[in-house]
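Scroll down for the structure; my scribbles are underneath it.
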């Protein structure tokens with residue numbers, strides 16, 4: 001049924017491969033941004049300051065309540081104007097690429113989910129962990145870095161895995177802002193060869209394979225992080241509110 | 001550039017168009033939610049069956065339609081199915097020939113796959129002893145499912161169901177790629193006419209936010225109504241807390 005020559009197929013496969021690399025880069029960049037932002041926001045917004053708490057509620061509600069695609073478009077179309085407003089003359093000359101808009105949008109949106117997970121995990125830690133660190137006069141930076149956050153990561157891991165796989169499935173949205181990623185390459189190949197079924201199923205399987213591989217890794221990581229526990233503790237319902 | 005990024009006149013003018021877009025989004029939410037849920041029940045039973053011949057296809061369905069990004073599913077249905085000659089000449093072309101039909105099919109399949117997992121998780125959370133006790137009382141299997149397992153599963157799974165519905169609503173924003181003018185598409189077309197990057201998209205964001213939070217409030221009320229027997233503890237009881245919550249509820253009734 002297929003009327004593709006081998007050379008053609010190899011060409012399209014190369015394009016798909018290049019697209020897949022861009023998708024992966026986008027995904028890793030935005031997950032890293034979301035993770036760093038999310039942990040920072042999660043720790044900072046535990047403060048008792050009423051304004052910080054109010055700001056957190058607004059931020060979480062807004063970015064959990066609108067589609068990621070909308071945030072991507074907002075930053076892609078309006079990013080230059082926003083930068084100009086913040087940085088003045090210098091910012092106006094910065095052009096927003098689809099890649100940059102995608103990383104910024106996915107990072108900001110998913111930072112909210114990760115911050116929520118981190119907050120939940122910190123609140124689930126026994127108070128004694130903080131009191132003990134204070135009693136031993138451990139400086140705050142070391143307390144967070146070496147005592148609190150490692151335990152938080154263990155508690156938040158199942159939720160983080162959820163965010164990870166959910167975010168992976170949202171990365172193709174950036175192709176709608178014009179990024180030449182895996183999905184865009186598949187669409188071009190599908191249109192040119194009149195074999196849409198083949199290319200879209202192959203793309204879907206690639207996503208599923210990557211997702212399965214990362215789930216396997218996550219299970220290994222979970223086993224490693226749990227090595228200090230006598231038995232796996234009951235998982236708190238830390239699933240991401242996606 | 002004025003201080004406010006929103007052009008109020010433009011926002012007021014585009015309100016009717018955005019509202020029409022919202023109605024399309026609501027329609028594309030409600031119909032797939034119903035179809036997806038209806039599909040999820042039989043697939044979930046197959047997935048939980050001990051017969052491999054039933055469980056394996058159901059599991060494959062879930063892995064594929066949950067694992068593939070919604071955008072690719074939509075492309076697959078919209079572009080890919082038209083490639084099949086038999087389908088193009090068959091009676092189902094009424095569905096697959098229109099963008100709306102394709103979007104509803106893709107969204108329903110995706111939602112069904114997620115709901116299979118939500119349902120399965122909730123049904124597995126029902127303590128086995130309750131089912132055994134019902135069997136010992138001679139209640140038929142159908143009635144145990146309808147009146148014992150489902151009501152409990154609904155309470156355990158409500159939060160997961162809410163999360164899925166909310167993320168589903170946000171997922172519908174991509175249907176503009178198959179030429180449907182939903183809320184996102186209306187905002188985009190206003191942007192293309194006016195080159196105002198903020199007003200239309202922020203207005204659409206407000207609509208989405210209101211819709212999503214309306215759903216959240218609805219679920220909160222639903223959860224409260226389901227747990228009205230222990231009004232003090234409105235939060236969803238986890239499997240462990242249920243027994244305690246029920247004891248507390250009885251203690252109030254007894255005196």
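Taken together, the values in this text are just the output of simple stated rules run on the coordinates, not laboratory data. All of these numbers come straight from a predicted model, not from anything done at the bench. Heads up, the Cβs are rebuilt from the backbone with ideal geometry, glycines too, and the neighbour counts pull from every protein chain shown.
Tabulated results
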| read-out | value |
| --- | --- |
| FRET efficiency estimate (nearest 0.05) - Cβ-Cβ, residue A:188 to residue B:181, R0 35 angstrom | 0.90 |
| Cβ-based exposure ranking for B:142, A:119, in which fewest neighbours within 10 Å come first | B:142, A:119 |
| Residue B:130 paired with residue A:5, simple spin-label distance in nm, labels 7 Å along Cα-to-beta-carbon | 6.6 nm |
| Cα-based radius of gyration of the stretch A:123-171 once divided by 2.2 N^0.38 Å, which approximates compact folds | 1.50 |
| Fluctuation leader among B:79, B:208, B:114 - chain B, Gaussian network, Cα springs under 10 angstrom | B:79 |
| q = 0.10, 0.12, 0.22, 0.23 Å⁻¹, the stretch B:1-111: log10 I(q)/I(0) [Debye, one scatterer per Cα] | -0.46, -0.60, -1.20, -1.23 |
| Acute angle (nearest 10 degrees) that the helix A:50-65 long axis makes with the longest principal axis of chain A, alpha-carbon atoms | 30 degrees |
| Ratio Rg/Rh, restricted to the stretch B:2-47 and using Cα atoms, in which Rh is the Kirkwood radius | 1.40 |
| Dimensions (Å) - the stretch B:124-209, Cα atoms, principal axes, largest first | 70, 21, 15 |
| With Cα atoms, 0 to 90° folded angle of helix B:8-48 axis to chain B main axis | 40 degrees |
| Extension gain from residue A:124 to residue A:201, taking 0.36 nm per residue of separation minus the Cα-Cα distance | 23.5 nm |
| Convex hull of Cα atoms in the stretch B:26-169, direction-averaged projection (nm²) | 10.0 nm² |
| Separation between Cα centres of the stretch A:65-98 and the stretch A:174-214, rounded to whole Å | 27 Å |
| The stretch A:50-98, Cα convex hull volume normalised per residue, Å³ | 76 Å³ |
| Overall Cα dimensions of the stretch B:75-149, principal axis frame, Å, largest first | 55, 21, 17 |
| Intensity falloff of the stretch A:82-176 expressed as log10 I(q)/I(0), Debye formula with alpha-carbon point scatterers, at q = 0.20, 0.22, 0.26 Å⁻¹ | -0.94, -1.03, -1.25 |
| Part-to-part distance (alpha-carbon centres) for the stretch B:171-213 and the stretch B:41-116, which is given in Å | 27 Å |
| Alpha-carbon radius of gyration plus Dmax, which is the widest Cα pair, for the stretch A:111-242 in Å | 20.4, 69 |
| Inter-label distance, nm, simple model (7 Å from Cα along the C-beta direction), residue A:222/residue B:37 | 2.9 nm |
| Per-selection Rg to Rh, the stretch A:5-99 - Cα, Kirkwood hydrodynamic radius | 1.14 |
| Kirkwood hydrodynamic radius over Cα pairs of chain A, then Stokes diffusion coefficient at 10 °C and 1.306 mPa s, in µm²/s | 78 µm²/s |
| Solution diffusion estimate, µm²/s, Stokes-Einstein, the stretch B:8-253, Kirkwood Rh from C-alpha pairs, 4 °C, viscosity 1.567 mPa s | 63 µm²/s |
| Stokes-Einstein D in µm²/s, Kirkwood radius over Cα pairs - the stretch B:112-170 at 10 °C with 1.306 mPa s viscosity | 130 µm²/s |
| For the protein assembly as shown, convex hull of alpha carbons as volume per residue, Å³ | 214 Å³ |
| Mean-position separation - Cα centroids, the stretch A:102-143 and the stretch B:16-31, in angstrom | 39 Å |
| Nearest 10 degrees, 0 to 90: helix A:98-124 Cα axis against chain A principal axis | 30 degrees |
| Test item: A:57-69 mean partner chain Cβ contacts at 10 Å | 5 |
| Stretchable slack from residue B:217 to residue B:51, in nm (0.36 nm times residue separation minus alpha-carbon distance) | 55.7 nm |
| Peptide-level mean, for B:50-58, of C-beta atoms on other protein chains within 10 Å | 0 |
